[in-house]
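J.: Attaching a single structure in C-alpha cells format; questions to follow.
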Amino acid sequence: MMAADTLLETHLANLAAALLPYRRHADLLVRWGTTLAERLTAGGRLLVAGNGGSAAEAQHLTAELVGKLREDRRPLSAIALHAETSAVTAIGNDYGYDEVYARQVRAHGRPGDVLLLLSTSGASGNLLAAARAGREAGLRCWALTGPTPNPLADACHEALAVDSPDSQVVQELHLVSSHLLCEYVEAALPAGPDPQAVPAVPAAPAGPVRTGVEVVLDGGAGRPVEA
C-alpha cells in the first residue's frame, strides 16, 4: 500500500508539472471572459455541459455567473444542461444518451450564444454531438479538455487544453479556469450592483412569543380560549 505522503507528493508533483504550460492560456482566458461579458450583457446565454466530475464543474461555473463570484452585479444567464434531470432522462430514454445535450442545445441555443463543453478525455460522444449541434445552430463553441489532440477540441471553435496525463489534475485546472473565467467576466462588466435588483425584505421586528393553541368559538363570535 502506498504511503499517504507519497500519494500527496505524487499528486502535487503532477499538478506542478501542469502549471507551467497552463500559463500559456492567460490571453485565451482574458478573451473568453471579455467575450462572455459582452454576449451575456447583450441578452445572450451560456450553455455548459460535462459528464461526471466535469458536470459538477459545469454547474459550479453557472452558479457563479447567475449568482456572483465576488462583488454584487447583474445576474448572467448560464445553464448547466446536465442539471435538467427530467430532460436528460427523457431524451436519453427516447433518443439515446449521445443526444442528451445536443437536443437541449438545439432547444435553448440561439445564434451568438456560447456553448462550453468540459471533458478530461475530449472524446465523450454526447459532448461531440452537442458541439456539432451548437455549430449548426450558430453558437460559439468552446471546450475545456485534457491534452490535445482530441476530438472535442477539434469539434469546437477554440479549446483550453490542460497538458497533463492525470485526469484529476485536468479537472483541478478546469476549476481554476472556471474561476478565472468568472473573474475576467466580472472585470469586464460595469462596476456597481445590479440596478434592477429587488431590495432585500427587512426582517420583521422580534416580538413576544405566543405559546399554546388558540381556538375561536362560535364562528368568531366567541372569545378565544388559549390552552
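What follows draws every value from the coordinates through simple rules; no lab data is involved. Just so we're clear, the structure is a prediction, and the values are computed from it rather than from any experiment. Positions of Cβ are generated from backbone atoms using ideal geometry, with glycine treated the same way; all protein chains shown enter the neighbour counts.
J.: Students often check this: by mean Cβ neighbours within 10 Å, which of 144-155, 76-87, 23-34 ranks highest, and how do the rest follow?
T.: Those peptides, ordered most packed to least, come out 144-155, 76-87, 23-34.
J.: Figure the gain on full extension for Ser121 and Thr10 (residue separation times 0.36 nm, minus the Cα-Cα span) and round it to one decimal in nm. Please report the intermediate quantities before stating the final value.
T.: Working: separation 111, 0.36 × 111 = 39.96 nm, distance 2.10 nm.
Going from the current span to full extension adds 37.9 nm.
J.: Here is a follow-up. Quote the charge dipole size of segment 1-154 about the Cα centre in Debye, to the nearest 20; the model charges only the Cβ of Lys and Arg (+1) and of Asp and Glu (-1).
T.: The calculated dipole for segment 1-154 is roughly 580 debye.
J.: Moving on to the next point. Hey, with R₀ at 41 Å, roughly what FRET efficiency would Ser86 and Glu183 work out to, going by the Cβ-Cβ distance, to 0.05?
T.: 0.80
J.: Moving to a separate point now. Please find the FRET efficiency linking Arg106 to Glu158, where r is the Cβ-Cβ separation and R0 is fixed at 22 Å, and quote it to the nearest 0.05.
T.: E(calc), rounded to 0.05, equals 0.55.
J.: While we're looking at this one, here's another question. Which peptide among 13-22, 47-56 comes first, and what is the full order, when sorted by highest mean count of other Cβ atoms within 10 Å?
T.: 47-56, 13-22
J.: Order 68-75, 167-174 from most to least packed using the mean count of other Cβ atoms within 10 Å.
T.: Top of the packing list down: 167-174, 68-75.
J.: Could you tell me the calculated FRET efficiency between Leu20 and Asp94, based on Cβ-Cβ distance and R0 = 45 angstrom, to the nearest 0.05?
T.: The calculated FRET efficiency here is 0.45.
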